[in-house]
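A.B. asks: Handing you this structure, nothing more for now.
Derivation of every value follows stated rules applied to the coordinates shown; laboratory data play no part. Only a predicted model underlies this, so the values are computations on that prediction, with no experimental measurement involved. Counting neighbours? That spans all protein chains shown, and the Cβs are built from the backbone with ideal geometry, glycine included.
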Amino acid sequence: MDRRYCYKDLLPFVVLVGNECMITGVNTLFKAATLQGMSKYVFVTYSYTFATIFFFSVYFFYRSRVVPQLSFSILSKIALLGVIGGSAQILGYTGISYSSPTLSSAIGNLIPAFTFILAAICRMEKLAIKTRTTQAKVLGSIISISGAFIVTFYKGKSIIIAHNSSSFHLQHSSNGILTSVDINWAIGGLLLIVSNILITIWFIVQAEIMKEIPDELTSVFFHNLFAATFAFCVGLLAETNSSLWKIRLDISLISIVCTGIFGKFMGNAIYAWAIHLKGPVYVAMFKPLSIVIAVVMGMVFLGDTLHIGSIVGATIISIGLYAVLWGKASEEIEEDVGTLESPSTENVALLQSYRTDQTFEKKTDRNV
């Protein structure tokens with residue numbers, strides 16, 4: 001029982017927390033690299049390519065299991081997953097280049113709400129409006145979305161001002177909602193919202209693929225391969241300056257290697273494993289942890305300025321998030337209690353068979 005608890009509950013929790021730390025770290029590295037002039041299209045292409053090459057050596061040369069057979073249907077779904085993942089990464093990194101990793105992490109708190117809504121539409125989550133658990137999840141989703149718009153469109157006063165701030169912001173004479181809107185900040189926020197919607201779709205599609213091919217390494221390898229191909233095609237069209245495709249031996253190379261290993265290789269493998277084990281909604285619940293990590297990393301390494309709008313919006317998002325978490329946890333407890341109280345059909349059949357055998361033995365003894 002203890003081993004089952006460690007594998008089913010404790011291990012996913014610890015691994016997903018560590019994964020959010022890794023993803024926030026590589027986002028901070030990306031922001032630092034773009035400040036040195038690196039193109040976001042080049043970054044996404046090279047990071048996926050490096051992850052694919054690195055994964056190839058691990059996957060094929062150190063693999064003890066037999067590679068499962070892949071039908072055209074499964075490959076098509078994985079290719080779609082690669083396009084969705086590549087698009088989400090391009091939009092996400094574009095949004096970070098316009099704003100900051102802190103805003104990316106704050107808006108990332110929307111992913112649990114988006115995942116719940118899409119999972120309910122796809123009938124992967126139960127939706128009974130009259131129950132308290134469903135009401136909590138729906139209300140929490142609405143509150144989280146409202147908080148994300150506050151983070152995006154309202155900056156407010158600066159709480160912690162960094163002298164070498166790299167954030168894009170305008171000087172305003174007042175602190176009203178309209179005068180505190182920064183064009184670059186708003187564009188970055190909108191791009192990040194679209195990116196998070198695509199990440200939500202990625203979670204749902206990944207869960208469906210795991211039902212057909214429960215092999216995380218195979219799924220992630222081909223996903224990275226298709227995503228690299230897609231990012232390369234988009235990069236050729238969007239980035240015509242050939243000099244930007246040359247990687248310098250500085251923070252650009254470090255960010256590409258770290259993102260390839262920790263983000264695209266380990267991160268995607270962890271997501272696929274956790275989705276297969278616990279489901280997409282559970283995995284999405286850990287996204288809000290990145291806001292605290294991003295704030296600290298942004299202020300320490302990038303000199304970002306912390307605004308009151310980010311604090312207010314993140315607080316509202318967190319309230320909505322934990323409403324969704326409470327509803328999800330209460331629902332799982334009710335399901336476990338119901339499972340314990342109501343025996344399964346197989347158990348009932350076994351019990352009836354046992355009683356029939358006992359009655360037959362008693363009759364046989366009497367006849368003897």
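A.B. asks: All other residues with a Cβ under 15 Å from the Cβ of Asn241 taken together, and with Lys, Arg as +1 and Asp, Glu as -1, what is their net charge? Could you put the intermediate results ahead of the total?
C.D. replies: On the way: positive: Lys40, Lys246, Arg248; negative: Glu239.
Around Asn241, the surrounding residues sum to +2.
A.B. asks: Turning to a different aspect of this structure: Cross-link list Lys211/Lys278; Lys264/Lys328; Lys77/Lys137; Lys130/Lys278; Lys31/Lys246: which exceed 21 angstrom alpha carbon to alpha carbon? Can you show the working numbers first?
C.D. replies: Working: Lys211/Lys278 12 Å; Lys264/Lys328 28 Å; Lys77/Lys137 29 Å; Lys130/Lys278 26 Å; Lys31/Lys246 18 Å.
With Cα atoms farther than 21 Å apart: Lys264/Lys328; Lys77/Lys137; Lys130/Lys278.
A.B. asks: Now for a separate question. With label points built 7 Å along Cα→Cβ from the Cα atoms of Val194 and Thr131, find their separation and express it in nm.
C.D. replies: The two pseudo-label positions are separated by 3.6 nm.
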